[in-house]
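A quick write-up on the structure given underneath.
The values are calculated or read from the model by the stated rules, or taken from the named source; none is laboratory data. Keep in mind the model is a prediction, meaning the values are calculated, not measured. All Cβ positions, glycine included, derive from the backbone under ideal geometry; neighbour counts span all protein chains shown. Accessible surface areas use protein heavy atoms only, side chains included; no ligands, DNA or RNA. Shrake-Rupley method; radii C 1.70, N 1.55, O 1.52, S 1.80 Å.
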Amino acid sequence: MKILLLVLATVSSFLLPANARAVDCDKTALAKKYADMLDQDQALRGRYIQILELEHRKASVDPAEKERIENAILATDEKNQAELDRLIDRCGWPGRLDNKRAARSAFFIIQHAELPYQLKYLPAIQAANRRGEISNEYLAWLVDRTLVRQGKPQRYGTESDFGSGKLAPVEDGKSLNKRRRAIGLPPLAGFD
């Protein structure tokens with residue numbers, strides 16, 4: 001009898017993680033989780049950009065508010081990145097889940113991460129783009145951000161300073177609009 005109970009306990013311990021995984025990867029629950037993560041990601045970014053723009057115009061800003069928002073954004077980003085890693089590890093890339101909204105959520109979490117995290121997921125974003133799960137525009141944003149953060153000129157002209165709007169350096173500016181048109185982005189003035 002003791003041996004039978006030991007065998008059942010051992011077998012159930014192997015089955016429990018699989019059962020937990022099935023619950024974790026339920027499409028409805030996953031779609032809600034990705035939507036919640038995107039809401040959290042976006043919650044304070046609009047106000048933070050306003051503060052940066054005010055600073056650029058030399059308007060007065062509350063430094064305590066700016067610091068509070070920065071800290072809240074960083075904490076949310078770290079939490080979302082850990083959760084995204086867990087979800088992708090357990091359930092795979094979200095693909096077309098929730099009419100591709102889950103992939104969009106994953107994209108923004110990656111886009112707002114530090115460079116090593118972005119580079120880790122750049123191949124997944126490129127593959128999702130090839131499958132039609134991530135738009136060309138989003139892929140261009142991530143490619144440009146990773147290039148600029150590595151001190152390299154951007155390829156598509158999507159990265160600029162939030163405060164001033166000044167465009168980060170661009171590789172081969174003469175063919176920038178040709179590259180943009182090739183992926184469906186509108187041309188930028190002054191680059192023809």
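Consider only pairs whose beta carbons are under 6 Å apart and that are at least six residues apart or on different chains; among these, list those whose first residue lies in region 35-50 and is within 12 Å of ILE109 (Cα to Cα) and whose second residue is open to solvent by 70 Å² or more (accessible area, probe 1.4 Å) and not in a helix (DSSP H, G or I).
No pair meets every condition.
Scan (1) in contact (Cβ under 8 Å) with a residue 60 or more places away in the chain; (2) within 26 Å of GLN50 (Cα to Cα); (3) in contact with a Phe, Trp or Tyr (Cβ under 8 Å, 6 or more places away or on another chain) for the single condition PRO94 breaks and write down its number.
(2)
Given the criteria modelled with pLDDT under 95, closer than 19 Å to ARG86 by Cα and under 26 Å from the mean Cα position of the chain (by Cα), does ALA43 qualify?
Numbers: modelled with pLDDT under 95: yes; closer than 19 Å to ARG86 by Cα: no; under 26 Å from the mean Cα position of the chain (by Cα): yes.
No, not satisfied.
For region 61-90, enumerate the residues that are over 17 Å from the mean Cα position of the chain (by Cα) and buried (at least 16 other Cβ atoms within 10 Å of the Cβ).
Passing the criteria: LYS66, ILE69.
Could you list all residues from region 170-192 that are farther than 17 Å from TRP141 by Cα and surrounded by fewer than 15 Cβ atoms within 10 Å (Cβ to Cβ)?
ASP172, LYS174, SER175, ALA189, GLY190, ASP192
Please tell me if ARG181 is more than 27 Å from ALA75 (Cα to Cα) and part of a helix (DSSP H, G or I). It would help to see each step written out before you state the result.
Values: more than 27 Å from ALA75 (Cα to Cα): yes; part of a helix (DSSP H, G or I): yes.
In short, yes.
Okay, residues lined up against (1) among the basic types (Lys, Arg); (2) more than 18 Å from the chain's Cα centre (by Cα):
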| position | (1), (2) |
| --- | --- |
| ALA124 | no, no |
| ILE134 | no, no |
| GLU137 | no, no |
| ALA140 | no, no |
| ARG145 | yes, no |
| LYS152 | yes, yes |
| GLY157 | no, yes |
| SER160 | no, no |
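What is the one condition in (1) free of Cβ contacts under 8 Å to residues at least 60 places away in the same chain; (2) within 26 Å of ASP26 (Cβ to Cβ); (3) buried (at least 18 other Cβ atoms within 10 Å of the Cβ) that TYR156 does not satisfy?
Every listed condition holds for TYR156 apart from (2).
Within region 93-120, count every residue that is of a type in the set (Phe, Trp, Tyr) and either in contact with a strand residue (DSSP E or B) (Cβ under 9 Å, 6 or more places away or on another chain) or open to solvent by less than 20 Å² (accessible area, probe 1.4 Å) (or both).
1
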